[in-house]
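One structure below.
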Amino acid sequence: RQEMNRAIGANSDRVQAETDAKLEAVQSENESLKQVEAKLTRELDLAKEALVELRAACDLTRVAELERKAAQVDFLQAEAERLREKANGEARKRRALHNQLVDLQGNIRVYCRVRPVLEHERKSGQAGVVVDLEDEGEVALRQSHASRDQEDRFEFDQVFAPESSQAQVFEQVEPLALSALDGYNVCIFAYGQTGSGKTYTMDGSSADRGVTHRTFETLFSGIEERQKAGLATYTVELSVLEIYNETIRDLLVVEDSNKPRPLVSTPKPKKLEVRQGEHGLHVPGLTHERVSCVGDVEGLMQRGTQNRTVGAHNVNLHSSRSHLVVTVSLVADHVHGAKRFTTRSKLHLIDLAGSERLDKTNAAGAMLQEAKAINKSLSALGNVIKALGKQQQGGQHVPFRDSKLTFLLQDSLSGSSKVLMFVNISPVEWNAPESLCSLTFAARCRKTALGAAKKNTESAQVAALKRQIEDMQGGSRRR
């Protein structure tokens, strides 16, 4: 038994020793694992810190790259603006030289005005703006139709954007209008498709007057200034007519509705025609009213506007169905020291009826006949401009008598006048074909040299004798 107990004790001691040894080995291994874990933790922290630093470095590099590219963009934009301004400056110099050439050769000055987009155009499905006015003095027209995918560029003496004001427009017209006070004949007319803004440019609204009204204000202001200074005395007369279906109509005639109808039929009033007279082309029998201030003109213009023929169709609710011609006749007796002389001049302000495409306007009946007459007279105007261009190259015949309009404008287009044309266009794709036709015609007009305008001057003695003869013959046109 004692031997057995000793054997059990020895075995227990051995087992305990082995257990202690294994426990010590496990503890040692755990300590090693803790050291490894601590080391890995430190390395992970270092890696995280390195990653943060790396990301920061990458962000700084990216920011620096973006800043560098932004600086390049700013530089390129500034350079582009500088070059654009330089190009605009060169364009202004070129136009200034062109204006001098216009004065020498008598070219037709052409101003282009682009109107805003209208509501019916937005509903057309083709309301995208295809007119680009980025370059000063130039108009670019883009078309995306299958048959024509290109850009056409045109250069004019002035180009007015849709946001341009009536005052800004007239600022460029005023010097030309004032030259009528010095004895020069002046013709200002607006051309373009129906609804392109011609009447607004010429007449404007009661709140924002157009070229016609502002011209009268400028004329009478200039007359008052010169008369007060004792430089000249002026006689001013106004006539207003329309050419409707190739018939000249006097818009200042007042019919008295209270006057009893005669028992015996009276002959129809004599048909008005353009005739050649001593002072150029005129219309015998046309009403000429003496005016002395803007107030006189406003009353007469209101009467004439009320008598003008207008209509409504799909493109324009207030479509002018005739060519309106407002004429100011000026006779001035000038005093320059001991020198006395008389000048005679005419200023035509013309609002042309617009060209029409029947597939858009759906005109029918009387309006269809009006449209045909309008388009025919505008075609005649185009033929005259074309012939004038060929005349510079040796051609001779110019078909002024093909229409009442061109016959009436013969003096203005034959070199005795300063001529300014407004070409009015729509900015949207729906009207791009019509805009292209208008711009092409206007560009052709701008290249047409009419000859330098000359003052219409007479000596005081000759002017006095002519007036005596007119009085004796009852040739005064005033009523």
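The values are calculated or read from the model by the stated rules, or taken from the named source; none is laboratory data. The shown structure was predicted, so the numbers you read here are calculated from the model rather than taken from an experiment. Only protein heavy atoms, including side chains, enter the accessible area calculation; ligands, DNA and RNA are left aside. Shrake-Rupley method; radii C 1.70, N 1.55, O 1.52, S 1.80 Å.
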### Query
Tell me, what ³J(HN,Hα) does each residue in the range 285-296 have, in order and in whole Hz, if you take phi through Karplus 6.51 cos²θ - 1.76 cosθ + 1.60 with θ = phi - 60° and put x for Gly and Pro?
x, 6, 5, 10, 9, 6, 10, 10, 7, 5, x, 4
### Reach of Lys22 by Cα under 26 Å, taken over lysines that are not fewer than 8 positions away in the same chain
Lys34, Lys39
### Amide H contacts of Gly210 (H built 1.01 Å from N, under 5 Å, at least 5 apart or other chain)
Gly204, Ser205
### Query
From the backbone phi of the range 64-77, what are the Karplus-calculated ³J(HN,Hα) couplings (6.51 cos²θ - 1.76 cosθ + 1.60, θ = phi - 60°) in whole Hz, Gly and Pro given as x?
4, 5, 5, 5, 5, 5, 4, 5, 5, 4, 4, 5, 5, 5
## Note on the structure
For Arg214 the rounded accessible area (nearest 10 Å², probe 1.4 Å, non-protein molecules ignored) is 50
### Message
From Cα pairs below 8 angstrom and at least 6 apart in sequence, can you work out the relative contact order of the range 386-438, rounded to a whole percent?
### Response
16
